[in-house]
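A quick write-up on the structure given underneath.
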Amino acid sequence: MTNSPETSAPFAPGSVAQAGPLLDSLERTLQDEYSVVRLPDDLAALDPTDAAKVRAVVTSGRNGVPSELMAALPNLEIVTNFGVGYDTTDVAQAVARGIRVTHTPDVLTDCVADTALGLMLDVFRRFGASERFLRDGAWESGGFPLTRRFSGSTVGVLGLGRIGQAIARRAAAFDTSILYTTRRPVEGVPWEHVASAVDLARRSDVLVIAVPGGAATENLVDAEVIDALGPDGFLVNIARGSVVDEDALIAALEDGRIAGAGLDVFAHEPHVPARLIRDDVTLLPHVGSGTHETRLDMRDLTLANLRAHLDGQPLPTPVPEMSAL
Ligand SMILES: NC(=O)C1=CN([C@@H]2O[C@H](COP(=O)(O)OP(=O)(O)OC[C@H]3O[C@@H](n4cnc5c(N)ncnc54)[C@H](OP(=O)(O)O)[C@@H]3O)[C@@H](O)[C@H]2O)C=CC1
Ligand SMILES: O=C(O)C(=O)CO
């Protein structure tokens, strides 16, 4: 088998595998250029001879390469993740085994930040709910209830990385006050660092979450943080569902201890708890980066990482943990 014109390193059929569904055009390119094999969803169905051929896995944050799958691939060299969040891949095992992991930072930052702003505006102004009100014909019987002013509010950004900073820049254009929490203060930004998530929530009208998922941030936004937001506070999450204690959020909404929430991500996607489907919650099906333009950029960066590895070139966007290799 020969390589595509873009690649020069020899690779055998079956050496590039796909874990989980991917963007159609990415799947087609992988098929055309690498005769990609699809790994079975049930690990028990993975033939050890096939598993031993796999050098590269292309996946997305939805699937990743979790511990058991990685352990079943003895000759794995690289995981290329379509998406910036890679909490579904066992990076600790990858580092221990010298397996490289790449992701797609920056190219999706603008669209995800746009989504966060859309959610923030919607929870304050209830545009979605008021549109449903009009469509239902309710306007004939009276006006929609008054809402809350977003401009001039205090926005607390939990996680001020690429996406958090893009959210803060956008929110600042609405004359908001911006506060943020990270483990280490970010140099060179004009916004005030607040040491803890609880204090950030206490001082904010809306807490917007932009930290990575994974064990280190699991339930970082718990009942204490939600209660610190208070009955006039809103929660917006564009990060990962695992960052929020979903049961605590539901309880706070039901008790009126929080004003509302805007959620693009959930703890057990695509399952959304029925008790979250409420008028004071705006719910999106994890569409933060879901534009044609951004998804194509993510595809191209995913392929660039795969090709660089197979060509023996430096990786364009390894995950930060790779600096330990
Ligand atoms: N909804 C969607 O479609 C999308 C969601 N995402 C999610 O957004 C996440 C963020 O992406 P991106 O901005 O590029 O990532 P970055 O790595 O650039 O930013 C992460 C930020 O979180 C902070 N952080 C990490 N851990 C903690 C913690 N325990 N407490 C407080 N702050 C913390 C980091 O600062 P420090 O290390 O100093 O604490 C950093 O400021 C992704 O990992 C992904 O999960 C991304 C794309 C699309
Ligand atoms: O990139 C990510 O981490 C996503 O969640 C989807 O773009």
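Pull out the extension gain between D175 and Q93, defined as 0.36 nm times the separation in residues minus the alpha carbon to alpha carbon distance; nm, one decimal. Before the final figure, lay out each step's value.
Numbers: separation 82, 0.36 × 82 = 29.52 nm, distance 4.50 nm.
Gain on stretching D175 to Q93: 25.0 nm.
Roughly how tilted is helix 24-34, in degrees to the nearest 10 and between 0 and 90, from the longest Cα axis of the chain?
Tilt of helix 24-34: around 20 degrees.
Considering only protein heavy atoms and a 1.4 Å probe, what is the carbon-and-sulfur percentage of the accessible area of the chain?
Details: 7900 of 15290 Å².
Answer for the chain is 52 percent, counting heavy atoms of protein chains only.
Hey, quick one: spin label on A12, modelled 7 Å out along Cα-Cβ, who in segment 27-62 has an amide N within reach, i.e. under 11 Å?
49-55
Would you mind telling me the antiparallel percentage of the DSSP bridges in segment 109-283, rounded to 5?
That works out to approximately 5 percent antiparallel.
Provide the per-residue ³J(HN,Hα) series for segment 198-214, in order, calculated from phi with Karplus coefficients 6.51, -1.76, 1.60 and θ = phi - 60°, each as a whole number of Hz, with x at glycine and proline positions.
5, 5, 4, 4, 4, 8, 10, 7, 9, 9, 10, 9, 9, 8, x, x, x
Could you tell me the ratio Rg/Rh of the chain? Both radii from Cα atoms, Rh via Kirkwood. Please report the intermediate quantities before stating the final value.
Working: Rg = 21.7 Å, Rh = 21.2 Å.
Using Cα coordinates only, the ratio equals 1.03.
Calculate one ³J(HN,Hα) per residue across segment 91-101 by plugging θ = phi - 60° into the Karplus curve 6.51 cos²θ - 1.76 cosθ + 1.60, and present them in order as whole Hz with x for glycine and proline.
6, 4, 5, 4, 4, 4, 9, x, 8, 8, 10
Given the options L220, T181, V281, identify the residue whose Cα lies farthest towards the positive end of the charge dipole of segment 109-283 (+1 on Cβ of Lys, Arg; -1 on Cβ of Asp, Glu).
Ranked along the dipole, the leading option is T181.
Please name which of A138, L158, F124 has its Cα lying farthest along the dipole of segment 116-168 towards the positive end, using unit charges on Cβ (Lys, Arg +1; Asp, Glu -1) and the Cα centre as origin.
Result: L158, furthest along the dipole toward the positive end.
Expected output is a single nm value to one decimal: the length gained when fully extending between R149 and L121, i.e. 0.36 nm times separation in residues minus the C-alpha distance. What is it?
Working: separation 28, 0.36 × 28 = 10.08 nm, distance 0.89 nm.
Extra length available between R149 and L121 comes to 9.2 nm.
Once the Cα atoms of helix 109-125 and of the chain are each reduced to a long axis, what angle between those two axes, in degrees from 0 to 90 to the nearest 10, is obtained?
20
Can you give me the distance in nm between label points at E321 and E269, each placed 7 Å from the Cα along the Cα-to-Cβ direction?
1.9
Can you give the convex hull volume per residue for the Cα atoms of segment 223-263, as a whole number of Å³?
Details: hull volume 2.3 nm³, N = 41.
Spread over its residues, the Cα hull of segment 223-263 gives 55 Å³ apiece.
Summarise the long-distance tail of P(r) for segment 109-283 by giving the % of C-alpha pairs beyond 22 Å.
Details: 6086 of 15225 pairs.
So the portion of pairs separated by more than 22 Å is 40 percent.
What order do you get for 156-163, 40-47 when each peptide is scored by the mean count of other beta carbon atoms within 10 Å, highest first? Don't skip to the end; give the middle numbers.
Values: 156-163: 24.8, 40-47: 10.6.
Per-residue mean Cβ counts within 10 Å order the peptides as 156-163, 40-47.
Determine the order of L69, L121 by accessible area, beginning with the largest, at a probe radius of 1.4 Å.
Details: L69 20, L121 45 Å².
Accessible-area ranking of L69, L121, largest first: L121, L69.
What is the spin-label model distance, in nm, from A138 to E192 if the labels are put 7 Å beyond Cα along the C-beta direction?
That separation, rounded to one decimal, is 3.7 nm.
Relative to the longest principal Cα axis of the chain, at what angle does helix 162-172 sit, 0 to 90 degrees, rounded to 10?
30
List the residues, sorted by chain then number, that are 5 or more residues from T176 or on another chain and whose placed amide H is less than 5 Å from its amide H.
The answer is G152.
Residue farthest toward the positive end of the dipole of the chain, with Cβ of Lys/Arg at +1 and Asp/Glu at -1: which of G83, A56, P105?
P105
Order R170, R149, most accessible first, counting only protein heavy atoms with a 1.4 angstrom probe. Before the final figure, lay out each step's value.
On the way: R170 60, R149 190 Å².
Ranked list, largest accessible area first: R149, R170.
With no solvent and one point on each alpha carbon, what is the Debye value of log10 I(q)/I(0) for segment 198-325 at q = 0.21 Å⁻¹?
Here log10 of I(q) over I(0) equals -1.15.
Taking the full set of protein chains and a 1.4 angstrom probe, give the accessible area of M298 in square angstrom, rounded to the nearest 10.
Looks like 10 Å² after rounding.
With a probe of 1.4 Å, find how much accessible area segment 109-283 has per residue, and write the answer as a whole number in Å². Don't skip to the answer; put the middle values down first.
Values: 8400 Å² over 175 residues.
So segment 109-283 comes to 48 Å² accessible per residue, rounded to a whole number.
Comparing D247, D110, D24, which has the greatest mean-square fluctuation in the GNM of the chain with Cα pairs linked when under 10 Å apart?
Highest fluctuation of the listed residues: D24.
If you stretched the chain out fully between N219 and R38, how much longer would it get, using 0.36 nm times the residue separation minus the C-alpha to C-alpha distance?
Result: 61.9 nm gained on full extension.
Whose amide H sits under 5 Å from the amide H of G230, counting only residues 5 or more places off or on another chain, with H placed in the peptide plane?
Those lying under 5 Å, H to H, from G230: there are none.
Roughly how many nanometres apart are two label points built 7 Å out from the Cα toward the Cβ at E68 and D279?
4.4
With a/c under 1.5 counting as rounded, go ahead and sort segment 168-233 into rounded, prolate or oblate using the C-alpha gyration tensor (a ≥ b ≥ c being the square roots of the eigenvalues; past the cut-off, prolate if a/b is larger than b/c, else oblate). Intermediate results must be reported in sequence, preceding the final value.
Values: a/c = 1.84, a/b = 1.19, b/c = 1.55.
Because a/c hits 1.5 or more and a/b fails to exceed b/c, segment 168-233 counts as oblate.
For the chain, which span is the longest to avoid every loop-located (per DSSP) member of GluC sites (Glu not before Pro) having at most 14 other Cβ atoms inside 10 Å? Please report the intermediate quantities before stating the final value.
On the way: sites that count: E6, E187.
The segment 7-186 is the longest one with no such site.
Of F133, F234, which has the most accessible area with a 1.4 Å probe, and how do the rest follow in descending order? Spell out each step's value before the answer.
On the way: F133 45, F234 10 Å².
Ranked from most to least accessible, the order is F133, F234.
I want the antiparallel fraction of DSSP beta bridges within the chain, as a percent rounded to 5. All intermediate terms of the calculation are to be shown ahead of the outcome.
On the way: 2 of 39 bridges.
Once the DSSP bridges in the chain are tallied, antiparallel ones form about 5 percent.
Classify segment 1-143 from the C-alpha gyration tensor, please: rounded if a/c falls under 1.5, else prolate or oblate depending on whether a/b exceeds b/c. Provide the component values of the computation, followed by the final result.
Numbers: a/c = 2.70, a/b = 2.51, b/c = 1.07.
In terms of gyration-tensor shape, prolate.
The values are calculated or read from the model by the stated rules, or taken from the named source; none is laboratory data. Not measured: the values here are computed from a predicted model. As a convention, Cβ positions derive from the backbone with ideal geometry for all residues, glycine included, and neighbour counts pool all protein chains shown. When the accessible area is computed, the model is the full protein with side chains, heavy atoms only, and any ligands, DNA or RNA have been set aside. Shrake-Rupley method; radii C 1.70, N 1.55, O 1.52, S 1.80 Å.
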